[in-house]
Ligand code: UDX
């Protein structure tokens, strides 16, 4: 291909593997480097170390354009561009830990052929300027720097990469912007070109605004509970206003995952470091942290106590369609329930096993929904897996340890009337709880 480049991708995680696969699909020659030998071994053997729909097929059909290595020098040998896609986990201060980014940069010193270093990892605003200085100081002053943040959501990452709403490129010179743009040839959609700091800010601000929409919805849902309104009607009608849009207005247990919690805390920390208190974002974070605790409290009220009760958690991943457990609300719910003296069983079709100290290891993971429900006093639907919508709830009720077991729907995934008819005490978020049938004859007729 005339526009094809040689790209070294650093990091074989969710961001790097998706970017690497998509760049190969676009015709580029891609070398993917990771420091975890197990990951590289799996990739070389044709396996995918993470779950992302379609990723395995895309890597397989482009295998002639993809190589995998543990060796940074080998990855950059002959590369035109180095794409940094390593993780930037939070530190105790809320700042991002950039040590993996610096380690990659240190390994580039011999890369004489390199024309640009591009960061896709989410980094605090100002990181690009620091990287520019580091490149200049290590004899790579001729190498351009660009920021190319990713906006892909897990579970639909390939589609988001290949058909994005926009591509954002922040570059320190026009040639670098053109280079990054040319790597995306064949991808439809607008390219927004700007300075590096603005591109870094776009990523953090976009995630913060999406998080704000979710927390705002959760607060309206709490008011719906207090007033008898139904959040699903409210958000559907609000979302038809084209200025607001219908997305990210599902009330429930709040946002989790690798981006929103970390990035909103990082932006708040960035503000605080400049002496500015980002009050709106602080409230967004606080509302989100409240959601799983509030759910456990509402369940406790419904059951009278959680002590010695068995609670089934249905879904563990932070959202359906992924194996990712990072910042999953299920983790907080499990440890809260355990702290209240409950026994916890759980089901998830895909959740990755967690390290030893994780609360999940104190819960009893079962292979099917029915086995998770067997003997439980109540269940919490934590992740809206499609299997839970097609479950025969009337039949499953008899497996449970209670005549009218509590089903707490943390994602408004099920139909209240159906669950009520199936015999559950059904509780959801921001929707009226179906009441037992009573004589509905009005006691008086209001005046016409
Ligand atoms: C997100 C962004 O969408 C993406 O642009 C960014 O690059 C990374 O972070 P992701 O973390 O994969 O992607 O998940 P997303 O589908 O956006 O959901 C985030 C969380 O918000 C999930 O826990 C989800 O359950 C929750 N959510 C989402 C809600 O609680 N309500 C909603 O209405 C939408």
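Since every read-out is calculated from the coordinates, none of them should be taken as a lab result. Since the structure is predicted, the reported quantities are computational estimates derived from the model, not experimental observations. Every residue, glycine as well, gets a Cβ built from its backbone with ideal geometry; the counts of neighbours run over all protein chains shown.
A few remarks follow.
- Spatial extent of the stretch 195-436: Rg and Dmax, with the Cα atoms as the point set, Å: 18.4, 62
- Mean-position separation - Cα centroids, the stretch 336-359 and the stretch 32-105, in angstrom: 30 Å
- Here the peptides 226-234, 375-383, 420-428, 338-346 are ranked by packing, the mean other Cβ count within 10 Å, and the order with the highest first is 375-383, 420-428, 338-346, 226-234.
- Principal-axis tilt of helix 329-339 within the chain, Cα atoms, nearest 10 degrees: 50 degrees
- 0 to 90° range, to nearest 10: angle between helix 196-227 axis and the chain longest Cα axis: 0 degrees
- On the basis of the beta-carbon distance and an R0 of 45 Å, residue 290 and residue 47 show a calculated FRET efficiency of 0.65.
- Ranked by the mean number of other Cβ atoms within 10 Å of their residues, highest first, the peptides 251-262, 299-310 come out as 251-262, 299-310.
- Reciprocal mean inverse distance between Cα atoms of the stretch 160-274 - Kirkwood radius, Å: 16.7 Å
- Fraction of beta bridges assigned by DSSP in the chain that are antiparallel (%, nearest 5): 5 percent
- For the stretch 266-407, the Kirkwood radius over C-alpha pairs fed into Stokes-Einstein at 37 °C and 0.692 mPa s yields D = 203 µm² per second.
- With contacts taken as Cα pairs under 8 Å at a separation of at least 6 residues, the chain carries a relative contact order of 11 percent.
- Highest average packing first - 120-128, 192-200, Cβ atoms within 10 Å: 120-128, 192-200
- Between 0 and 90°, nearest 10: helix 279-303 axis offset from the chain longest Cα axis: 40 degrees
- 243, 298 arranged by Cβ crowding within 10 Å, fewest neighbours leading: 243, 298
- Rg in Å to one decimal, and Dmax rounded to a whole Å, for the chain via C-alpha atoms: 24.6, 88
- Cα gyration tensor shape for the stretch 6-193, rounded if a/c is under 1.5, else prolate or oblate: rounded
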